[in-house]
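The values are calculated or read from the model by the stated rules, or taken from the named source; none is laboratory data. Everything quoted here is computed from the prediction, not taken from an experiment. All Cβ positions, glycine included, derive from the backbone under ideal geometry; neighbour counts span all protein chains shown. Just the protein is used for accessible areas: all its heavy atoms, side chains included, with ligands, DNA and RNA removed. Shrake-Rupley method; radii C 1.70, N 1.55, O 1.52, S 1.80 Å.
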Amino acid sequence: MNNNSASEPLLIPPSPPSGHHPFLHHPEDDSPSPPPPSSSPSLFIYLLTFSAGISGLLFGYDTGVISSTLVSLGTSLSSRPLTPLDKSIITSSTSLFALLVSPFSSILADSLGRKRVILIASFLFIIGALIQAWSHTVALMVLGRSVVGMAVGAASFVVPLYIAELAPKEHRGRLVTMNVIFITAGQVLAYVVGWLLGEYGAWRWMVGLGAVPAFVQAGLMVLMPESPRWLVMVGRSGEAKVVLGKVVGGKGREREVEGMVKGIEIEVREEEGRRGGGGGGGKSGWVQGLEELVGVRRNRRALAIACLLQGLQQLCGFNSLMYFSATIFMMLGFPIPTLTSLVVAVTNFALTLVALLIIDKVGRRRILLWSIPFMVAGLLFAAYGFSFITLSYTDGPGDENPPAVQGSAVVILISIMIYVAGYAIGLGNVPWMQSELFALNVRSLGSGIATATNWGANFVIGLTFLLLMEALTPSWTFVLYAVICVIGYGMICVFYPETAGLSLEEAGSLLEDDNWGVRR
Ligand SMILES: O[C@H]1[C@H](O)[C@@H](O)[C@H](O)[C@@H](O)[C@H]1O
């Protein structure tokens, strides 16, 4: 196995500080210069981001719709009321299957291509939605949620990868963030649908509606191209050139496209050289891929950063609000808790839109370092607000709270909004830019493992939140999330370099630096 330690010569020379990459074409090197890059992505790029992003909408819809579904099910499943265990299994089966599937779908994405995996996920979304809508037993509902979990697991890893591999570097952050816009819009939609249909107990429609966007997506994706980086990897450079030509906007840019394809080809060849030299013979692709991921310094670092960011995105506790905010607001005595919890989803969506506008200008690292302190402040204020309230886990919204407690409830609501705003602008989207950290040969596996980390941490948070609230008190639960954010902040300072505006090849080479590329 190849071990690229600090003392070995680098096979891929790091790009100089100017951001000049030795393998890529640089417009100022030739005359006449090709037209400057356009200030906004082409219609073609928007169309393919939209087509792939429908998976994000379904990811958000299917994870968001469960809270209202659970309260509308009544005795429709197995002809009896649901036990708390039924509810937890129905809820967590989705995250569990997403967790199990994401690393495996990375293998499929390397062998079948990124586009086909998106198509497989669309079909799973359709099948999962239909099973749920037709289910009459708890077991069938769990099956439907598990199939949706497989779709979410595959889509949540492959869509950002596909978009990142197709996006021009100046717009990559913005385009990957568009996928998160779709996720958060799906969550808002799920809350609105749940609120409107919940009144009529129409839960079959709530879950079944998820099949509609999945149908539309399957139709659109058939027309979309494959990722040029995958095409080069499987020896179809000619097709990659055609796709990249459309991405950078055709005429006058042929040499630029040539240079880009050369850059990718060289990276692929370098990696094959490493593999040949490393003697991975006889080992399965999976084992060899894992060895390259953890055995090569640059890859190991990329994996560590991607898992750190994905773990932090979930362990900061955001999804406990996504899943249980209605329960919290009900306990706080808000008259229409589902409407109040819609505020969380809408704040998340609106601030993700702001992130979309500024991410490529401000940068990934900087946006995280700016926004996490707001999350910590929001969590600590909320903890302070909770310290005046004794929550009852059995009473409903009819609780009569004294005025001082109502004041605290408002403090908690505002604090939660500050926290959600800080989350949406940074941690909610930056971890999904994970693929730009990895070298091409381990990009898919690395992204798959980082995505599994996200779902693993999501599963833990979903399972433990209510237990922690009871065992530690709400105040200390929120303090615990604040502590996790502070630790994460420190680790980001030390380990996460800025990758905004670099090509995927340049971003990866930053990690060869002694100080993890943080000072560059
Ligand atoms: O990026 C998304 C987004 O922030 C969602 O709101 C959240 O529910 C997901 O867990 C996360 O992965």
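Within region 329-346, the set of residues being within 16 Å of the ligand (Cβ to nearest atom) and open to solvent by less than 20 Å² (accessible area, probe 1.4 Å) comprises Ser341, Val344, Ala345. For Pro373, the criteria (1) open to solvent by 20 Å² or more (accessible area, probe 1.4 Å); (2) modelled with pLDDT under 85 hold in every case but one, which is (2).
Taking region 449-472 as the range and being modelled with pLDDT of 90 or more, open to solvent by 40 Å² or more (accessible area, probe 1.4 Å) and among the polar types (S, T, N, Q) as the test, only Thr453 passes. Among the residues here, Pro213 does not qualify as within 16 Å of the ligand (Cβ to nearest atom) and not polar (S, T, N, Q). Checked against the criterion of being farther than 17 Å from Asn348 by Cα and within 16 Å of the ligand (Cβ to nearest atom), region 299-306 contains one or more residues that satisfy it. Filter region 126-140 for residues that are hydroxyl-bearing (Ser, Thr, Tyr) and open to solvent by less than 30 Å² (accessible area, probe 1.4 Å) and give the result. Scanning region 126-140 gives a single hit, Ser135.
Residue pairs whose Cβ atoms lie under 9 Å apart, separated by 6 or more positions or on different chains, with the first residue in region 363-380 and within 10 Å of Ser415 (Cα to Cα) and the second small (Gly, Ala, Ser) and not in a helix (DSSP H, G or I), are Phe374/Gly426; Met375/Gly426; Leu379/Gly317. The residues listed here are Tyr162, Tyr191; of these, the one that is over 12 Å from Phe59 (Cβ atoms), within 12 Å of the ligand (Cβ to nearest atom) and surrounded by 24 or more Cβ atoms within 10 Å (Cβ to Cβ) is Tyr191.
When the test is whether a residue is within 16 Å of the ligand (Cβ to nearest atom), within 23 Å of Leu440 (Cα to Cα) and open to solvent by 20 Å² or more (accessible area, probe 1.4 Å), Leu99 passes it. The residue that is farthest from the ligand (Cβ to nearest atom), counting only those in region 47-90 that are more than 24 Å from Ala151 (Cβ to Cβ) and of a type in the set (Ser, Thr, Tyr), is Ser79.
Here is the figure for region 102-125: residues that are of a type in the set (A, V, I, L, M, F, W, C) and open to solvent by 10 Å² or more (accessible area, probe 1.4 Å) total 8.
Out of all the residues in region 406-414, is one or more within 16 Å of the ligand (Cβ to nearest atom), farther than 30 Å from Val234 by Cβ and touching a Gly at 6+ places or on another chain (Cβ under 6 Å)? No, region 406-414 contains no residue that is within 16 Å of the ligand (Cβ to nearest atom), farther than 30 Å from Val234 by Cβ and touching a Gly at 6+ places or on another chain (Cβ under 6 Å).
When you go through Ser15, Ser33 one by one, which is the residue that is exposed (fewer than 13 other Cβ atoms within 10 Å of the Cβ), modelled with pLDDT under 85, among the small types (Gly, Ala, Ser) and farther than 24 Å from Trp195 by Cα? Exactly one of Ser15, Ser33 is exposed (fewer than 13 other Cβ atoms within 10 Å of the Cβ), modelled with pLDDT under 85, among the small types (Gly, Ala, Ser) and farther than 24 Å from Trp195 by Cα, namely Ser33.
Okay, residues lined up against (1) closer than 29 Å to Tyr46 by Cα; (2) touching a Pro at 6+ places or on another chain (Cβ under 6 Å); (3) surrounded by fewer than 24 Cβ atoms within 10 Å (Cβ to Cβ):
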site: Trp195; (1), (2), (3): no, no, yes
site: Trp205; (1), (2), (3): no, no, yes
site: Gly210; (1), (2), (3): yes, no, no
site: Pro213; (1), (2), (3): yes, no, yes
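Among the residues of region 347-362, those that are under 16 Å from the mean Cα position of the chain (by Cα) and open to solvent by 40 Å² or more (accessible area, probe 1.4 Å) comprise Phe349, Leu351, Leu353. Contact map, region 457-480: first residue under 19 Å from Leu332 (Cβ atoms), second residue within 13 Å of the ligand (Cβ to nearest atom) and at pLDDT 90 or above, Cβ cut-off under 8 Å, separation 6 or more or different chains; pairs are Phe465/Gly317; Thr477/Gly317; Phe478/Gly317.
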